[in-house]
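Enquirer: There's a structure below that I have some questions on.
The values are calculated or read from the model by the stated rules, or taken from the named source; none is laboratory data. Here the structure is a predicted model, which means the values were calculated and not measured. Quick reminder, even Gly has a Cβ in these numbers, built from the backbone with ideal geometry, and neighbours come from all protein chains shown. These area figures cover heavy atoms from the full protein model, side chains too; ligands, DNA and RNA do not enter into them. Shrake-Rupley method; radii C 1.70, N 1.55, O 1.52, S 1.80 Å.
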Amino acid sequence: MKRNLWPRRLAIPGIVLAATGALLGSSALPSLPGLPGRAPAPRGLNILLMGTDERDTLTAHQKQNFHAGGKPCGCSDVLMLIHVSARRDRVSVVGMPRDSAAEIPPYREKPGARERPPHPAKLNAAYQEGGPELMIRTVESMAKLNIDRFFQVDFRRFMNSVDEVGGVEVCTPRRLTDSATRLDLKPGKHRLGGGQALQYVRSRHVDGSADLGRIQRQQRFLVQVWREVRERRLLTHPRRMTHLAEMLLGSGRQGFQAGELIELAAALHRLPDSATEFTTVPIAGFAPARLGIGAALAWDAKEADTLFTKVRDDRPLVEPGAQPKPKDPPDILGRTQPVRGSAYACH
């Protein structure tokens with residue numbers, strides 16, 4: 001397997017739902033760039049959102065001011081599966097904890113090299129070992145579905161994109177403080193610029209929910225980003241949408257192209273918050289120590305299969321007419337409750 005087919009400098013997702021949303025208006029998309037032989041999804045569309053802890057795109061001042069220093073591991077720090085329904089009227093987002101126990105499929109680092117056999121590891125190590133392609137193969141194996149597109153954003157593009165839309169409003173019913181990122185938000189609404197938004201989506205020491213709480217905050221952030229983009233009519237403004245798309249995608253290869261994104265963006269400006277739904281893979285407990293991969297979360301095999309079966313069958317995660325409320329902070333173990341994006345939106 002070839003490595004370095006895509007840029008290695010990735011990071012926390014920012015205005016990804018806007019980019020994902022642009023794909024909703026298409027019923028016929030070209031094959032996935034970078035993954036030969038992958039035909040467009042005949043029905044629903046599965047997009048893998050990846051980010052790593054690389055931070056060399058930030059200046060020393062930005063690292064200090066927004067507490068984004070530290071030594072990166074070169075692995076995926078954020079991972080979400082985004083499913084677009086066949087009718088292009090629903091988006092389902094499934095968060096996958098970075099410390100999930102996984103089995104990395106066999107791969108070759110380069111053509112002609114000796115194949116490395118399958119082996120246990122934390123899910124975020126798949127990117128470290130073999131880049132986006134190996135991460136995609138690992139998720140496909142675990143979720144038993146095909147990935148049709150992928151998206152990746154670095155720290156600087158995240159911050160610049162948030163600033164481009166005038167900041168993003170977030171809300172919290174309780175105080176959020178994090179010792180690592182120095183996040184400190186009082187209860188209420190807050191408009192965050194790019195640097196503050198980076199602190200918000202990176203924080204995982206707010207409470208005992210750890211990465212699952214962080215995933216929930218990232219999903220809340222995506223809902224608010226979508227509202228900002230929609231309310232500011234960026235999806236129907238050719239010049240600003242072109243600028244935003246180019247900023248999001250950068251100069252490296254992505255799972256789709258800027259022209260495709262711009263062409264389809266106008267079809268999505270009416271997608272409401274209630275047409276999006278969010279959840280996290282159910283966790284049963286910790287992986288056994290005999291795997292030798294450290295403290296890792298074990299998926300609840302039965303519940304995870306039920307979840308991904310709904311995705312494969314293009315069925316909604318939230319029952320029609322239901323309005324479930326999110327638990328904040330979320331439970332670490334057991335079944336997770338999918339919620340509509342409207343439940344995450346600020347009011």
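Enquirer: Given the Cα atoms of the range 282-321, and with Rh set as the inverse mean 1/r over their pairs in the Kirkwood sense, what is Rg to Rh to two decimals?
Expert: Rounded to two decimals, Rg/Rh equals 1.18.
Enquirer: Could you state, as a whole-number percent, how many of the C-alpha pairs of the range 195-347 are farther apart than 26 Å?
Expert: 41 percent
Enquirer: Quick one: the Cα spread of the range 110-178 along its three principal axes, in angstroms, biggest first?
Expert: In descending order, the Cα extents are 50, 27, 25 Å.
Enquirer: In nanometres, what is the gap between the two model label sites at H205 and H237, each 7 Å from Cα along Cα-to-Cβ?
Expert: Between H205 and H237, the simple spin-label model gives 3.9 nm.
Enquirer: Once you treat every alpha carbon in the range 113-258 as an equal point and sum by Debye, what is log10 I(q)/I(0) at q = 0.09, 0.18, 0.19 Å⁻¹?
Expert: Once normalised to I(0) and log-transformed, intensities are -0.37, -1.20, -1.25.
Enquirer: Give the relative contact order (percent, whole number) for the range 123-278; include only Cα pairs under 8 Å separated by 6+ residues.
Expert: 21 percent
Enquirer: Where Lys and Arg each count +1 and Asp and Glu each count -1, what net charge lies around H269 among other residues with Cβ under 9 Å from its Cβ?
Expert: Spelling it out: positives minus negatives among the neighbours equals +3.
Enquirer: Can you give the Kirkwood hydrodynamic radius for the range 155-210, in Å, rounded to one decimal and based on Cα pairs?
Expert: 11.6 Å
Enquirer: Using every Cα-Cα pair within the range 67-173, state what percent have a distance larger than 20 Å.
Expert: 54 percent
Enquirer: Taking the range 108-207, which trypsin sites (Lys or Arg not before Pro) meet the DSSP loop condition and have no more than 16 other C-beta atoms within 10 Å?
Expert: Passing sites in the range 108-207 are R108, R114, K144, R174, R175, R182.
Enquirer: Here is a further query. State the extension gain, in nm to one decimal, for the chain segment bounded by N160 and D328, taking 0.36 nm per residue of separation less the distance between their alpha-carbons.
Expert: Extra length available between N160 and D328 comes to 57.6 nm.
Enquirer: Please work out the Cα convex hull volume for the range 68-130 and give it in Å³ per residue.
Expert: 146 Å³
Enquirer: A further question on this structure: Assuming a viscosity of 1.306 mPa s and a temperature of 10 °C, what translational diffusion coefficient in µm² per second does Stokes-Einstein assign to the range 287-347, Rh being the Kirkwood radius over Cα pairs?
Expert: 113 µm²/s
Enquirer: I've got another one for you. Percent of accessible area on the range 80-199 owned by carbon and sulfur, 1.4 Å probe?
Expert: Solvent-exposed carbon and sulfur of the range 80-199 make up 44 percent of the total.
Enquirer: How high is the relative contact order of the range 52-200, in percent, counting Cα pairs under 8 Å that sit 6 or more residues apart?
Expert: Here the relative contact order equals 20 percent.
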